[in-house]
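Notes for the one structure printed next.
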Amino acid sequence: MRDFLRRLGIEDVNPGATCGEWFSSGEELASYCPTDGGLIAKVRQATEEDYDRVVAKSAEVFKTWRNVPAPARGEIVRQLGLKMRDHKKDLGRLVAYEMGKVISEGEGEIQEAIDIADFAVGLSRQLYGLTMHSERPGHRMYEQWHPLGIIGIVTAFNFPAAVWAWNSMIAAVCGDTMIWKPSSKVPLTAIAMQKLANDVFADNGYEGVMNLVIGRGSSVGERMLHDRNIPLISATGSCRMGRRIGEVVSQRLGRTLLELGGNNAIVVAEDADLRLALPAVVFGAVGTAGQRCTSTRRLFIEKSIFGSLTEKLVTAYKSIRIGDPLEEETHMGPLIDDGAVQEMMDAIEAAKKEGGEVLCGGGKVDRPGSFVEPTIIKAHPDMKIVRDETFAPILYVFEVDDVEQAIEMQNSVDQGLSSAIFTTNVMSAETFLSARGSDCGIANVNIGTSGAEIGGAFGGEKDTGGGREAGSDSWKTYMRRQTCTINWSKDLPLAQGVKFDI
Ligand code: UN1
């Protein structure tokens, strides 16, 4: 048994639901390690009745929590940030063990959770509304932000801790309670994070603010989507999943915050500093084994440097150390499971059929676990497969005439999450960032597509769903806005000059 599992208290069969106390009465769910296929531990899933119990408690706690001053709510989030700092190493290992990303990225993910906790603490003394001038004499007009209610948080396997933290830390300072439904592929990381939250909230006398339900999408997931007690569903996952969520939640006129698929591209101009571009492309495409929403999937290279850059990339790919993500020197761990391996192999086959040329990689790695070779495919714009997000380390490279053409090709897909250009030419950089430039939610210059900081709003356009999480003013989605007009005069003038004398 790995020590960190024992220290985190999750080595047995764990209940999958909590609203302060832990319980669950559904079927068992096993969590397997993608590195060797071995069983890590088991979770007893929540049933729909268990879900209802969590909702009832969340609704009750909301009545108290919404009245707690925001800075006092922030103080509790501050304590949770400290708790995550104390356990950063163990949590980082758990993420690496259960999800398969390398240890440095596992720890980075916990750091991202800590960062957003800190951000939320500062925010708890802000949550600003505007004041505006009334057209009527003796009137004051302003807007204020109130807690929204119970937030449903749906997260994917690839960021099993940080994306929950983006939502939960912000929602908590906003005065909401919440129910987290994590991916069934990474239940133990969810339980470990939730345990820390439970301890901190119990110590402060507010059990039931942050809650967890691990269960099937087809039962508790669907119940949550249809549940009118949940005014906001914030979800990260595939475009297909997002469409289902959008359809159900908008039917009941609920709010959604969707962060869905990406098909992120890097443009490398002929004047780029390749000492920056090369490692950025490799990290973007190979990091997390290509399983980030922000992973680099397409590369547009200006023709004068196409040959030399692809050659350098192939050489760099050959030096990638594939192996146990818990070992410090590993660059790339396994994919999440064998299903993901099959999807990657299918995509490579489809690319070959469409005339794609495999420049390196292309196969599975012959060892236990879900390991694959990072793959580069020389592609052309007519290929259909390059329009899909395959959650795997496949990089499609394209030769382009100029930056304008690269931007056009970059924008020609359905997804719109992250994008980047490498250039030393200010005109190319500004074109990329202009209104006729990248159409994505994230646009970087001389930085890769992945690894965004929490301070900015995170999300994308088009089929990526349009939602924004984490920093900037994303908090507004987790609150309801109220416009207030106060008449402190002795008259009752009507707006727009309307007369109604009685
Ligand atoms: C995701 O893959 O859903 O920008 C989140 C990044 C990370 C978050 C990715 N900070 O790559």
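Of the helices (runs of 4 or more DSSP H) lying entirely inside region 145-239, the ones with 2 or more residues being within 16 Å of the ligand (Cβ to nearest atom) and either open to solvent by less than 10 Å² (accessible area, probe 1.4 Å) or touching a residue at least 12 places away in the same chain (Cβ under 8 Å) (or both) are found at 162-173, 187-203.
If the condition is being touching a helix residue (DSSP H, G or I) at 6+ places or on another chain (Cβ under 9 Å), away from the ligand (no atom under 16 Å from the Cβ) and open to solvent by 30 Å² or more (accessible area, probe 1.4 Å), then region 104-130 contributes Val121, Gly122, Arg125, Gln126.
Tell me, which residue of region 61-80 that is over 14 Å from Asp176 (Cβ atoms) and not small (Gly, Ala, Ser) is surrounded by the most Cβ atoms within 10 Å (Cβ to Cβ)? Taking the candidates together, the pick is Leu80.
Would you point out which residue out of Ser428, Ser418, Ser474, Ser450 is surrounded by 12 or more Cβ atoms within 10 Å (Cβ to Cβ), more than 17 Å from Thr296 (Cα to Cα), within 16 Å of the ligand (Cβ to nearest atom) and touching a residue at least 60 places away in the same chain (Cβ under 8 Å)? Just a single option satisfies the conditions, and that option is Ser474. Report whether or not Ile320 is in contact with a His (Cβ under 6 Å, 6 or more places away or on another chain) and either within 27 Å of Phe432 (Cα to Cα) or among the hydrophobic types (A, V, I, L, M, F, W, C) (or both). Here the answer is yes, as Ile320 does meet what is asked. Residues of region 11-32 being at pLDDT 90 or above and more than 24 Å from Ser218 (Cα to Cα), which ones? Answer for region 11-32, where residues must be at pLDDT 90 or above and more than 24 Å from Ser218 (Cα to Cα): Gly20, Glu21. Criterion first (modelled with pLDDT under 95 and either open to solvent by less than 60 Å² (accessible area, probe 1.4 Å) or assigned to a loop (DSSP other than H, G, I, E, B) (or both)) does Ala46 satisfy it? It is false that Ala46 is modelled with pLDDT under 95 and either open to solvent by less than 60 Å² (accessible area, probe 1.4 Å) or assigned to a loop (DSSP other than H, G, I, E, B) (or both). Among the residues of region 396-407, not a single one is within 16 Å of the ligand (Cβ to nearest atom), modelled with pLDDT of 95 or more and out of contact with any His (no Cβ under 7 Å at 6 or more places or on another chain). The set of residues in region 281-315 being more than 16 Å from the ligand (Cβ to nearest atom), open to solvent by 10 Å² or more (accessible area, probe 1.4 Å) and not in a helix (DSSP H, G or I) consists of Glu302 alone. In region 335-349, the residues that are farther than 17 Å from Lys378 by Cα and in contact (Cβ under 8 Å) with a residue 12 or more places away in the chain reach residues that are of a type in the set (A, V, I, L, M, F, W, C) and in a helix (DSSP H, G or I) with C-beta atoms within less than 8 angstrom, at least six apart or across chains, in these pairs: Leu335/Ala289; Leu335/Val341; Leu335/Met344; Ile336/Met99.
The values are calculated or read from the model by the stated rules, or taken from the named source; none is laboratory data. Remember, predicted model here, so these are calculated numbers, not experimental data. As a convention, Cβ positions derive from the backbone with ideal geometry for all residues, glycine included, and neighbour counts pool all protein chains shown. Ligands, DNA and RNA are stripped out before the accessible areas are found, and what is left, the full protein with its side chains, is counted by its heavy atoms. Shrake-Rupley method; radii C 1.70, N 1.55, O 1.52, S 1.80 Å.
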